1. Are any residues in the stretch 71-90 of a type in the set (D, E, K, R) and within 14 Å of PHE104 (Cα to Cα), and if so, which ones?
2. Restricting the search to the stretch 47-74, which residues are open to solvent by 50 Å² or more (accessible area, probe 1.4 Å) and more than 16 Å from GLU94 (Cα to Cα)?
3. Scan the stretch 13-64 for residues that are farther than 16 Å from VAL97 by Cα and touching a helix residue (DSSP H, G or I) at 6+ places or on another chain (Cβ under 8 Å) and jot them down.
4. Filter the stretch 158-170 down to residues that are open to solvent by 100 Å² or more (accessible area, probe 1.4 Å) and part of a helix (DSSP H, G or I) and give me whichever is modelled with the highest pLDDT.
5. Being touching a Lys or Arg at 6+ places or on another chain (Cβ under 6 Å) and not hydrophobic (A, V, I, L, M, F, W, C) is the filter here, so list the residues in the stretch 92-116 that pass it.
6. Among the residues of the stretch 16-46 satisfying the criterion of being touching an Asp or Glu at 6+ places or on another chain (Cβ under 7 Å) and closer than 13 Å to LEU82 by Cα, which is surrounded by the most Cβ atoms within 10 Å (Cβ to Cβ)?
Amino acid sequence: MTEFDRAAIKSKASAACGWNFIVLMSRQGKIRLSEFFSSYTESQKKRILRDISADVLPRQAKMCNIIEKGDYKFIYRRYASLYFVVGAPVEMNELIVLEQIHLFVEALDGYFNSVCELDLVFSLHKSLMILFEMFIAGMLCESNRREVLQQIVEAEEMVEEMSKAGEDTSSQLDDGLSFQEQFQLGRKPGARGPRGNR
């Protein structure tokens with residue numbers, strides 16, 4: 001094996017250690033949460049979401065949870081009415097991804113006390129906080145559910161301390177959300193607080 005072959009194997013292995021994206025989609029095809037850890041253009045993101053709707057949603061319960069799509073593969077699990085779909089590199093172990101999805105669902109369950117689709121709709125920013133506390137750039141960084149939930153509680157307490165009485169505290173968390181995510185929360189993108197001042 002040449003030095004070039006070793007370098008190629010090493011670069012493939014390092015590229016295969018994290019997710020490319022995660023999408024939470026309802027059975028009706030509504031996107032409840034989407035986060036892309038790799039850089040994609042808007043048209044590529046739309047194509048990926050369209051592929052998920054076309055390939056994952058119509059599948060029977062007894063069918064395989066892995067669908068290969070060129071450079072990446074969809075690995076999904078269905079919990080009640082939600083599909084948790086992860087785009088992972090082709091080289092990544094599917095069983096590890098399935099366990100990571102389950103770990104994320106357990107963290108959501110621990111925070112929301114039996115998470116449901118409405119929790120994700122009305123508390124998108126909290127779901128994203130849990131996701132970002134567990135995964136950085138698509139790689140699992142914190143697998144201890146109690147530690148993740150403790151960090152989220154501490155962050156919420158800091159926001160409560162910093163906020164003034166009668167002020168919308170959730171607007172302080174909007175700075176980290178994209179316009180699409182703010183729109184999904186029912187807020188005017190870029191607006192802060194009840195008056196909409198920046």
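The values are calculated or read from the model by the stated rules, or taken from the named source; none is laboratory data. Since the structure is predicted, the reported quantities are computational estimates derived from the model, not experimental observations. Glycine also receives a Cβ, built like all others from the backbone with ideal geometry; neighbour counts cover every protein chain displayed. Keep in mind that these areas ignore ligands, DNA and RNA; they rest on the heavy atoms of the full protein, side chains included. Shrake-Rupley method; radii C 1.70, N 1.55, O 1.52, S 1.80 Å.
1. ARG77, ARG78, listed by residue number.
2. Passing the criteria: ARG47, ARG50, ALA54, PRO58, ARG59, GLN60, ALA61, LYS62.
3. MET25, SER26, GLY29, ILE31, ARG32, LEU33, SER34, TYR40
4. Selected residue: MET158.
5. Listed by number, the residues that qualify are GLU106, GLY110.
6. My answer is ILE22.
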